[in-house]
Structure formats: structure tokens, C-alpha cells
Amino acid sequence: MVELIYIVSHVSSESATVPKSSTFTSMSAYAPFQPIVRQILDQLAVGGPIRSTGGTFPASDYADTSHLQHEFDTLFSGFPQAVALSPDLPEPGSQITRDGLGLPVVLTRDEEGKVHALANVCAHRGAQVVEHGRHCSKRLTCPYHGWSYQPDGTLVGLPDAGSFPDRTTPAPGMRSLPVVEEHGVIWVTPSFDAEPPSPGLGPIADDLDHFSITTHHHWRSHRFELDLNWKLVIDTFLEGYHFSTLHRNTVGPLFVANLCVADRFGPHVREVLPRRTFASLADQEPEQWDLVPHTALVYVLFPNTVFVMQTDHIETWRVMPHPTDPSRSTTDLDFYVPQLPETDSALRHWEANWRITIDTVIEEDFAAMAGVQRGLASGALEQITAGQNEPALAMFHQSLVDAR
Ligand code: FES
Ligand SMILES: [Fe+2]
């Protein structure tokens, strides 16, 4: 799937109809990336992949029902999940629903700018308070009988209050989940009694600050219902080994195939995939090096969100397992752009980006992964292998092993 990153970037850079100032993110040089640039330039000079640690992992992890249950019990109830970016709640009163967390959740931003994560369950008789989607209002009002809540979940109004003599207002209402917003990312731990999320991003936190997530705007979402184990969606991002084969007629030519730099920080993974234009950085002083236009910067925000810094926008891919079937999953794609399109040409630019992203991922990556899922479920293979040229893949799976 990484390839579509390139298509998107390529389309963006070819789109001469949109003034650059209106769509492109201008990133300055960022010192922590200098060693990565140097490493890639050195490798480009000699050719071939940067070899690191590979590994083997059980094929049954993709198809075994009891393993899926184990993942729910460990990864998906115990770990904080990156469920949204700050631009998803752009102003006081913003609300956005989230599913895939084991219970219906609504995220809100209150008058002071603080983010809350609430079980989207009415304190009266359990109705869904906020309709699926994005909204903005001072109160959350249940559509069933009209009980209303503040953004922090406090019950503040109920029609015919005299019929509920035990309910005074204000009073506790919708239950809160542990949530934290930091470095432009909103994390929720879907367990009422858990500690506040502590994602432990390490140096990735500085990378996210460098990308100025908070100055972006959410533009569009798409939900994919897939016949794939959730991990296969993430796996497709984690190597460039397949670019010159699976994507030879699409995005493959835009990249340096089979070359990446990967790092693991706690359970999270950062992967840098160079584009063909990367070699031009050799003509610049290190103080001027800016990775963003010449790479795909892929982050696995463990366990289930892929964050991609593109040349001109941000994407997140939030992957959710099916509750009972290991061969199915749901993925939400979100696009965040530096400026919402206000002209026809800007709109055409983003529509073209969007269309090619969706088409490529469906026709190439997900089509191939559906075959992989059948293969892994067949019992014909005991282990999958991550080569030494696929270190990001090995790191993600090692994080999964470590989390067991
Ligand atoms: S269930 Fe929400 S007001 Fe009755
Ligand atoms: Fe791909």
C-alpha cells in the first residue's frame, strides 16, 4: 500500500494547476533526519538494500480465531490507540464518533479546548447519543428522549425531570474513557479503569511536531470493509520490496525499490522509503535537507494506526479487526490537507489524489492481500518470513510478539 503514497505524491507534484502555496506543506530541514538522509545517500551510491534484522512469525496469527481473541484481550483493550488527529476536533463543541474500540465512542472538545472520550451511550436507557459522523454543538442531546450532556459527559438536562427524582443536574452522565491529546494525535485506551494513555512515542513525538499536524484540516474519509486480517493491511506499508513487481506499472517507478530505513521506538515503528528524487539531496548542504518531498514517511502508531506524512498532506489508516472473524477487518482512511480547497482547481487536485489512492489500493494492494489471506488460512505455510530487506515488517511483528 505504500506505493499509493507515491502515486499520491506524484500526482500532487504534477498538478500544475494549483498554486503551491495553497496545497503544499512547506517543511524546513529537521536535524534528527540528517543521519537518515546520509545513510540513504551512502546506500544509493553503492546500490542494493540496507540489510537489517528480519524474522519469522507464525502464519496462524492471521487466521486463528483464538489468536484474534487474544489480540482483543491484550492489544485492543490494554493499549492506547491513536483514534484521531487534533484537526478532527477543530473547535470547541466539535464531536466525532469512533467505533472499532469494543464500545461506541464519541470524542469531544470542550470550551477550554480539552478533549474528552465518552462512551456514546445515554445514561437513561442506553441509546446512542451522537449520530455516526462529525458534528459541532455545545451540547450532546440524545435523540430518544432528549437528555442532554456537556462535552465532558456531565448530564445537564432532562425533559420532565420531576419523573426522575433521584437525578439532580448537573450529574455524572456519559462515562469517560482515558484519553490524551499530544503532538497532534488523540489516544484512547478503551477501558474505563485504565490509566491515562501514555503512548511512549520517544523521538517520534518530535517528528510529529515537525509535521505541524495541528495546522492541517481534515478533508475526507473512506471506510474499507476487507476480507483480510487486520495485520495484513499494516504489513503492506512496511516494505518497498514489492514495488518493482506488484506495482511495476503504477507507483513502482516513482520509488527506489527495495530500500528503506526503519527504526523502532517502544512498540512503534518508523519507516523511511526514498523516492527516485532522493539523490538530489546530495547537492544540498545537510542543514537544508528536507526528507518530506523525497520520501514516504510511514509510522505504525502501535497497535493499529498507520500515519503517513506525504509530500503535500497527511494520511491515517486506522485498522480494526472484525470482532470474531480473523479473515475480516475494517480500515478507515482519512486525508488531512494544509488548506481546505476553496477553488475548483484546488478541488480537482485533491479529488485526483483521492481517486488514485482509493483505486490503487483496491486494485493492487488489497487484491493481492486477499490472496495472501487465503494462503495464510490454508494451513500450507507455518511461518511468514520478513527478509533482512524488510526490517520495518519484522519490527512491527516483534512488537506484536512482545505485547503478548
Ligand atoms: S435513552 Fe437517551 S434520553 Fe432516553
Ligand atoms: Fe503496495
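Numbers below:
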{"read-out": "Residue match in the range 46-62 (condition: outside the structural domain of Val179 (by TED's automatic domain parsing), buried (at least 20 other Cβ atoms within 10 Å of the Cβ), under 27 Å from His322 (Cα atoms) and aromatic (Phe, Trp, Tyr))", "value": "yes"}
{"read-out": "Near pairs, Cβ below 7 angstrom, 6+ apart or cross-chain, from the range 364-387 (in contact (Cβ under 8 Å) with a residue 60 or more places away in the chain and within 16 Å of ligand 2 (Cβ to nearest atom)) to any residue that is of a type in the set (Gly, Ala, Ser) and open to solvent by 30 Å² or more (accessible area, probe 1.4 Å)", "value": "Gln373/Ser327"}
{"read-out": "Filter result (open to solvent by less than 10 Å² (accessible area, probe 1.4 Å) and in contact with a Pro (Cβ under 7 Å, 6 or more places away or on another chain)) within the range 275-302", "value": "Thr295, Phe302"}
{"read-out": "Matching entry among Asp334, Asp402 (being open to solvent by 70 Å² or more (accessible area, probe 1.4 Å) and under 22 Å from the mean Cα position of the chain (by Cα))", "value": "Asp402"}
{"read-out": "Filter result for Ala368 (open to solvent by 20 Å² or more (accessible area, probe 1.4 Å) and more than 25 Å from Phe302 (Cβ to Cβ))", "value": "no"}
{"read-out": "Residues being assigned to a strand (DSSP E or B) and either within 30 Å of Gln34 (Cβ to Cβ) or without any contact (Cβ under 8 Å) to a residue 24 or more places away in the chain (or both) - total across the range 294-333", "value": "16"}
{"read-out": "Scope the range 102-112; condition assigned to a loop (DSSP other than H, G, I, E, B) and either open to solvent by less than 30 Å² (accessible area, probe 1.4 Å) or within 16 Å of ligand 2 (Cβ to nearest atom) (or both); matching residues", "value": "Asp110"}
{"read-out": "Scan of the range 241-277 for residues that are modelled with pLDDT of 95 or more and either closer than 18 Å to Gln310 by Cβ or in contact with a Cys (Cβ under 6 Å, 6 or more places away or on another chain) (or both), ordered by number", "value": "Val256, Cys260, Val261, Val269, Arg270, Glu271, Val272, Leu273, Pro274, Arg275, Arg276, Thr277"}
{"read-out": "Residue match in the range 204-224 (condition: open to solvent by less than 20 Å² (accessible area, probe 1.4 Å) and within 16 Å of ligand 2 (Cβ to nearest atom))", "value": "yes"}
{"read-out": "Any strands (runs of 3 or more DSSP E) falling wholly within the range 171-266 and containing at least 2 residues that are touching a residue at least 40 places away in the same chain (Cβ under 8 Å) and touching a helix residue (DSSP H, G or I) at 6+ places or on another chain (Cβ under 9 Å)", "value": "185-188, 217-226, 261-265"}
{"read-out": "Residue list for the range 202-227, restricted to those being of a type in the set (A, V, I, L, M), more than 26 Å from Gln95 (Cβ to Cβ) and out of contact with any Ser or Thr (no Cβ under 6 Å at 6 or more places or on another chain)", "value": "Ile204, Ala205"}
{"read-out": "Selected residue (only one of Leu89, Leu68 is of a type outside the set (S, T, N, Q) and assigned by TED's automatic domain parsing to the domain that holds Gly379)", "value": "Leu68"}
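One line per residue, one yes/no per condition, for (1) out of contact with any strand residue (DSSP E or B) (no Cβ under 9 Å at 6 or more places or on another chain); (2) not in a loop (DSSP other than H, G, I, E, B):
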| position | (1), (2) |
| --- | --- |
| Phe33 | no, yes |
| Asp61 | no, yes |
| Ser66 | yes, yes |
| Thr74 | yes, yes |
| Ala82 | no, yes |
| Lys138 | yes, no |
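The values are calculated or read from the model by the stated rules, or taken from the named source; none is laboratory data. Quick caveat: nothing in here was measured; it's all calculated off a predicted structure. Glycine gets a Cβ as well: all are built from the backbone with ideal geometry, and neighbour counts include every protein chain shown. The protein model used for the area step is the full one, side chains on, heavy atoms only, and it has no ligands, DNA or RNA in it. Shrake-Rupley method; radii C 1.70, N 1.55, O 1.52, S 1.80 Å.
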